[in-house]
Amino acid sequence: MSWVSDYQYTWLQRIAFQTLKLSGHVPYHIAFVMDGNRRFARSKQLDKIEGHSRGFSKLADVLRWCLDMGIREVTTFAFSIENFKRSSEEVNGLFNLAREKFTKLLAECNRLDEHGIRIRVIGHIELLPEDLQRLIATAMLRTENNNKLFLNVAFAYTSRDEITQAVESVLSQSDKDTDTLQPTDINERLLDACLYTRHSPPPDLVFRTSGETRLSDFLMWQLSTSVLYFTHVLWPQITIWNFLASILAYQRDRCHLQDYRNRSRLESKELAKAGEFYSGRVQNFLEKLDNSRRQLLIRMASN
Ligand code: FPP
Ligand code: MG
């Protein structure tokens, strides 16, 4: 199964799809919590891993719908740091599935290039087995020049860990740096720029399946102004109609959040105009951080 499916729309789906696309605002960034794979597997007397594998196939349909809808960024929760506590059989099964899918991704990179898809894995990648680190780093480097759709796969991710790592990045500057950050440089904008998601705008819409209405330590810093959409359907069973219903809910609810978002965007513009958004020292620090994270990927890819 490819990362982007060849989904065949019926004429009715096509009409509904185009109507929503043309009649209202399309979210720039959607985040998915793909929950319910094991309950799906149990209900069909399948193995758990087969449930996750069907979950991946559904992700490929969803990516196709997002591409066709004109959505520019998708973030999906594939493996939480909490998931390490599951049985070793399930954890290894999920890692094997990820190995298979990232190997497939590297083999079909031309297809991703055609769609301009850039893969970014967000999470504490160092916690994963080395061969998986290598595949992930290679996929990220191989697609880094694509810029039509950003696919962020949260793997070995939790928000608390992401924030902890951001603080660690700030504190682990070398004493030898001539331009070390000062306590007055520490603010929300700096921490935001140290997160795994530092190159992404916050999600406009979050879509969670299986009737759970928790955030489960997913993008907690980033979601304060996002529309939240919950459905009882299990992830492998969602249909294009569930997807379109979430877009409709977003189009209905976004106006309540827009004022707040516009205000913070204006604030950012004012700060940028006053030259205060990032000082030269902070900018310097962030460039070094980006560079060291890229060097880490290069090391992982060549291990
Ligand atoms: C949650 O359902 C799902 C997961 C923990 C794993 C999701 C992973 C995939 C769909 C595969 C993705 C792979 C790549 C490479 C992107 P659950 O296990 O919590 O199910 P339950 O809620 O029914 O117990
Ligand atoms: Mg679950």
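Points worth noting:
- Candidate set from the stretch 17-40 (those that are touching a residue at least 60 places away in the same chain (Cβ under 8 Å) and farther than 19 Å from D253 by Cβ); member that is farthest from ligand 1 (Cβ to nearest atom): F17
- For the stretch 132-150, filtering for residues that are touching a helix residue (DSSP H, G or I) at 6+ places or on another chain (Cβ under 7 Å) and either assigned to a helix (DSSP H, G or I) or of a type outside the set (S, T, N, Q) (or both) leaves 13.
- When the residues of the stretch 228-248 are filtered to those that are free of Cβ contacts under 8 Å to residues at least 40 places away in the same chain and aliphatic (A, V, I, L, M), the one that is nearest to ligand 1 (Cβ to nearest atom) is L228.
- Pairs where the first residue, in the stretch 45-70, is touching a residue at least 60 places away in the same chain (Cβ under 8 Å) and at positive phi and the second is assigned to a helix (DSSP H, G or I) and open to solvent by less than 20 Å² (accessible area, probe 1.4 Å), C-beta under 7 Å, 6+ apart: none
- Cross-chain or 6+ apart pairs with Cβ under 7 Å, the stretch 264-286 first and under 22 Å from P202 (Cα atoms) and among the β-branched types (V, I, T), then assigned to a helix (DSSP H, G or I) and open to solvent by less than 50 Å² (accessible area, probe 1.4 Å): V282/D185; V282/L190
- Filter result for the condition that a residue is closer than 16 Å to T76 by Cα and either in a helix (DSSP H, G or I) or more than 15 Å from ligand 2 (Cβ to nearest atom) (or both), over L248, L244, L223: L223
- Residue ranges of helices (runs of 4 or more DSSP H) in the stretch 1-105 with at least 2 members away from ligand 2 (no atom under 16 Å from the Cβ) and not hydrophobic (A, V, I, L, M, F, W, C): 11-23, 48-69
The values are calculated or read from the model by the stated rules, or taken from the named source; none is laboratory data. If you're wondering where the values come from, they're calculated on a predicted model, not measured in any experiment. As a convention, Cβ positions derive from the backbone with ideal geometry for all residues, glycine included, and neighbour counts pool all protein chains shown. Accessible surface areas use protein heavy atoms only, side chains included; no ligands, DNA or RNA. Shrake-Rupley method; radii C 1.70, N 1.55, O 1.52, S 1.80 Å.
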